[in-house]
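Asker: Following this message is one structure expressed as C-alpha cells.
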Amino acid sequence: MSRESQPKTSGPLSGIRVLDLTSNISGPSATVILADMGAEVVKVERPKRGDDARGMGPYIQGESSYFLAINRNKQSVVIDISTEEGQDIIRRLARQFDVVVENFRRGVLDKYQLDGESLCKENPQLIYCSLSAYGEEGPDSVNPGYDAVLQARTGIMSITGSRQEEPSRAGVSILDAGSGMWSVIGILSALYHREQTGYGQLIGTSLYETGVYWMNYHLTSYQATQQDPVPQGTSHAAFAPYGSYQTKDDLLLLGISNNSLFRRLVQALDHEEWAEDPRFIHNSDRIVYRNELDNLLNECFSNESCSYWLERLKMAGVPCSRIQKVSQVMDDPHLQLLNMMPAVKHSSIGSIKIPRLPIRMKKSPTELRTGAPKLGEHTYEVLRRYGVTQLELEEFSRKGIIE
C-alpha cells in the first residue's frame, strides 16, 4: 500500500504509521503524542469492551473522560488477538507499519508471536516499543503494576504530601504520562536512527524506570546525607522561603530560590529589614530558620487578599501564584491566550475541549483533528486500506474476530 493512500495530516510525523496495541493510561499517553504530531495511529481494541479506559468515569454523554483525553486523533479497530486469525491480521498490519507500541504484561504477546523479536523479523524496518510496569528483566518484570503502585515502589509516595499526613500519591498519573513521554522520545530517536541505517529496533521503558529517574535529585542527595527525605508539602528542602502562605482569602505559592529573589520579596512586602536579619541573609540560613521566616510571612500575607499580593509580587519580579482549583485553571486568561484547551469534534458528543500538546512548532504544527473514536469505528475502513478483502472481512465478522 502506498503512503499516498494514508489519511492526510500536516504534522511533523505525517506519513508515519503507528499500530497501537496499548490500553489504560500509559500506552495511550504515548500514542496520542504521536497522533497529535501527525502520525496515523490505528488503535487495536478487544471485542465488546475495548480499552479498559472506556470504563473509567466520570462520563460525558456516556463517553469516558479518561478515554476522551488521550485517544483523540486515533482510529479504532476491533480485533480479537486471542484468535489465530486475529494474530494473523496484526502481523499483516505490522508488516506495513513503521511503529508498534504495546503495554501488555511481559510474556503475553510472546505466546501469540506478536512480540518485538517476532514482528521485527518479518519487518526489519519496524520500531517496536514495549511499555511495561517494571521493565524487561528481573523477577518483577512479569508483575502487573499501576501508577500508584510504582509511585510507592520508587519512593515518590514517601516524599509527597505533608509531614503531618500519611504518604500521598501525586494528584496526576505522573508515571503513566512520564513513561509515555519516554516512549515517544525513544520512538523519535529510533526513527532518526532508521533514517541513517534503514533498520528499526526494539525499544522500551517502564513506570519503574521512570519513577527512579524522577527521583534523581533525592537518590543523589541521599548519598550525601544518608538520610531519607521526608514529605515537604508545598515547601522545598533546598530553598526558603518556598511554599504556600495564607492570605486574607486564598493560598499564595512563593518560589524563592536565591538571595536576589529574597531581597525583591522583602522589598515588595515593605520589610527590607528582613534581608539584613542574620537568620535570613543567605538561603542556607533561611533553611535553618524556615519556621521563623514562615511565621513572619504568614502574618504579613494575612493582612491583604491574594490578588493584592499577586499584583505587588509580580511587579517586583517575584515567582508566585495563587494555588488554583481546576475550575480556576479552566478560566485562566493565560490558558485561553495560549489556546491550551481547543475544542475537538466528537462523533457523538459534538465537541469537547481537550488540552493540546504543550509543544509549539511554527513550520509543522501539531493538530487536533478528530475526537477519540467510538469502539470499532474504523475497523472495516482501516482493514480494507491495508489489504484485507471484503470476503475476509465478512468471514472475520461472522466469527466475531472483528467488530
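Asker: Among the numbered conditions (1) of a type in the set (Asp, Glu); (2) in a helix (DSSP H, G or I); (3) in contact (Cβ under 8 Å) with a residue 60 or more places away in the chain, tell me where Glu195 comes up short.
Answerer: Just one mismatch for Glu195, condition (3).
Asker: Which of the residues belonging to region 122-154 are out of contact with any Phe, Trp or Tyr (no Cβ under 6 Å at 6 or more places or on another chain) and of a type in the set (A, V, I, L, M)?
Answerer: Leu126, Ile127, Leu131, Ala133, Val142, Ala148, Val149, Ala152
Asker: Kindly evaluate Lys48 against the criterion of being of a type outside the set (A, V, I, L, M, F, W, C), surrounded by fewer than 17 Cβ atoms within 10 Å (Cβ to Cβ), over 22 Å from Lys121 (Cα atoms) and in contact with a strand residue (DSSP E or B) (Cβ under 9 Å, 6 or more places away or on another chain).
Answerer: Working: of a type outside the set (A, V, I, L, M, F, W, C): yes; surrounded by fewer than 17 Cβ atoms within 10 Å (Cβ to Cβ): yes; over 22 Å from Lys121 (Cα atoms): yes; in contact with a strand residue (DSSP E or B) (Cβ under 9 Å, 6 or more places away or on another chain): yes.
Criteria met by Lys48.
Asker: Does Thr389 satisfy the criteria of being free of Cβ contacts under 8 Å to residues at least 40 places away in the same chain and β-branched (Val, Ile, Thr)? Show your work before the answer.
Answerer: Numbers: free of Cβ contacts under 8 Å to residues at least 40 places away in the same chain: yes; β-branched (Val, Ile, Thr): yes.
Yes, satisfied.
Asker: So Gln226 passes all but one of these: (1) within 26 Å of the chain's Cα centre (by Cα); (2) on the phi > 0 side of the Ramachandran plot. Which condition number does it fail?
Answerer: Condition (1) is where Gln226 drops out.
Asker: Would you tally the residues in region 136-177 being in a loop (DSSP other than H, G, I, E, B) and closer than 22 Å to Gly107 by Cα?
Answerer: Taking region 136-177 first, the residues in a loop (DSSP other than H, G, I, E, B) are 136-138, 143-146, 154-156, 160-173.
Remaining after also requiring closer than 22 Å to Gly107 by Cα: 136-138, 143-146.
Going through region 136-177 one residue at a time, the tally reaches 7.
Asker: In region 46-64, which residues are outside any strand (DSSP E or B) and over 18 Å from the mean Cα position of the chain (by Cα)?
Answerer: Of region 46-64, the ones outside any strand (DSSP E or B) are 46-58, 61-62.
Across region 46-64, the qualifying residues are Arg46, Pro47, Lys48, Arg49, Gly50, Gly55, Gly57, Pro58, Gln61, Gly62.
Asker: Among the residues of region 347-403 satisfying the criterion of being of a type in the set (Ser, Thr, Tyr) and surrounded by 12 or more Cβ atoms within 10 Å (Cβ to Cβ), which is nearest to Lys43 (Cα to Cα)? Even if it seems obvious, please write down each step before you answer.
Answerer: Residues of region 347-403 of a type in the set (Ser, Thr, Tyr): 347-348, 351, 364, 366, 370, 379-380, 386, 389, 397.
Subset that is surrounded by 12 or more Cβ atoms within 10 Å (Cβ to Cβ): 347, 364, 366, 370, 379-380, 386, 397.
Details: Ser347: 17, Ser364: 24, Thr366: 19, Thr370: 14, Thr379: 10, Tyr380: 13, Tyr386: 14, Ser397: 18 Å.
Only one residue tops the list, namely Thr379.
Asker: Could you please tell me which pairs satisfy a Cβ distance under 9 Å, a separation of 6+ or placement on different chains, a first residue in region 79-98 that is part of a loop (DSSP other than H, G, I, E, B), and a second residue that is at pLDDT below 95 and of a type in the set (A, V, I, L, M, F, W, C)?
Answerer: If the second residue must be at pLDDT below 95 and of a type in the set (A, V, I, L, M, F, W, C), the pairs left are Gln96/Met1.
Asker: Please go through (1) surrounded by 15 or more Cβ atoms within 10 Å (Cβ to Cβ); (2) part of a loop (DSSP other than H, G, I, E, B); (3) hydroxyl-bearing (Ser, Thr, Tyr) for Ser257 and return the number of the only condition it doesn't satisfy.
Answerer: For Ser257, the failing item is (1).
Asker: Considering every residue within region 316-327, establish whether at least one is modelled with pLDDT of 95 or more, closer than 18 Å to Phe239 by Cβ and of a type in the set (Lys, Arg).
Answerer: Applying the first criterion (modelled with pLDDT of 95 or more) to region 316-327 yields 316-327.
Filter once more, so that each one left must be closer than 18 Å to Phe239 by Cβ: 316-321, 323.
Okay, now just the ones that are also of a type in the set (Lys, Arg), so none.
No, region 316-327 has no match at all.
The values are calculated or read from the model by the stated rules, or taken from the named source; none is laboratory data. Treat the numbers as computed from the prediction; the structure is a model and nothing was measured. Cβ atoms come from the backbone with ideal geometry, glycine included; neighbour counts cover every protein chain shown.
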